[in-house]
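A quick write-up on the structure given underneath.
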Amino acid sequence: MPEQISNQISNPISNWERLRKFIRENCFLKSDQPIFRLTSGKMSNFYFDLRRATLSPEGQYLIGNIVFDRFSELGLSPRAAGGLTMGADPISTAVAYCSFTKGKPIEAFVIRKEPKTHGTMKQVEGNVDEGDEVVILDDVLTTGKSTIKAIEAARAAGLKILAAVVLLDRGEHEGKKNVEAQGVPFYSIFRMEDFN
């Protein structure tokens, strides 16, 4: 293994702290004016471009391990984890890869924004079946709209939802409350105050 990679993996700083630093340095954009349009349509003076973390090699390593460990801390043993494309896609695949290396495989699945209009006509793609216990994943929570859409689609496919886990809860617009109103326990890896 190259020395640089070996040093990154064996770094004594916690994975959570390493990911927080990575996000702060590479993904956190801020302005004096509300120039960033969020998925909800609302304008904000800060934005987290988490694709820079979720699609990077180091980010994949850290996210896979952190989310997998969080499942264990919470006592969650899902058969699969996934969410609405595309925010959840790299997170679920990172968790699936990490889980296999630890001998406790968790399948990844993808929820299309709309069901396919051809082939199997599925909205939920992956190695999951009706009755499977799953965790819904997302990258950022603001209003909770995309997480709720994923919950509704997973339920329509007959999946049993254990919880929803997001990388970052912006702590705005009652997103957490909106998700919990669906009868789903909600957890986040980071909150906005972790970056203040």
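Read the figures in this text as sums done on the coordinates, not as results from a lab. Just so it is clear, the structure is predicted and the values come from calculations on it, not from any experiment. Cβ placement follows ideal geometry from the backbone for every residue including glycine, while neighbour counts extend to all protein chains displayed.
With 0.36 nm allotted per residue and the present C-alpha distance subtracted, the residue 33-residue 56 stretch has 5.4 nm of extension available. Listed from fewest to most Cβ neighbours within 10 Å, the set 70, 170 follows the order 70, 170.
Under the 0.36 nm per residue contour assumption, what length would be gained going from the current alpha-carbon distance of residue 130 and residue 182 to full extension?
Working: separation 52, 0.36 × 52 = 18.72 nm, distance 1.92 nm.
Full extension of this stretch gives 16.8 nm more.
Which of the peptides 127-134, 104-111 is most tightly packed, and how do the rest follow, going by the mean number of other Cβ atoms within 10 Å of each residue? Mind showing how you got there, number by number?
On the way: 127-134: 15.4, 104-111: 20.8.
Top of the packing list down: 104-111, 127-134.
From the square roots a ≥ b ≥ c of the eigenvalues of the alpha-carbon gyration tensor of the range 97-196, which class results: rounded (a/c under 1.5), prolate (a/b over b/c), or oblate? Because a/c hits 1.5 or more and a/b fails to exceed b/c, the range 97-196 counts as oblate. A convex hull fitted to the Cα coordinates of the range 33-137 yields 135 cubic angstrom per residue. P(r) for the range 132-179, from all Cα pairs and a bin width of 10 Å, is 30, 54, 16, 0 %, short bins first. Rounded to the nearest 5, the antiparallel percentage of DSSP beta bridges internal to the chain is 30%.
The packing ranking of peptides 54-67, 14-27, 84-97, highest mean first, is 84-97, 54-67, 14-27, where packing means the average number of other beta carbon atoms within 10 angstrom of each residue. Rounded to the nearest 0.05, the FRET efficiency derived from the C-beta distance between residue 13 and residue 104 at R0 = 30 Å is 0.75.
For every helix of n ≥ 4 consecutive DSSP H residues, a contribution of -39,500 (n - 2.57) applies; sum these over the chain, divide by its total residues, and give [θ] at 222 nm rounded to the nearest 500 deg cm²/dmol. Write down the numbers at each step before the final one.
Values: 7 runs with 72 residues, N = 196.
Counting only the DSSP helices, I get -11000 deg cm²/dmol.
Across the chain, counting alpha-carbon atoms alone, Rg and Dmax equal 16.7, 49 Å.
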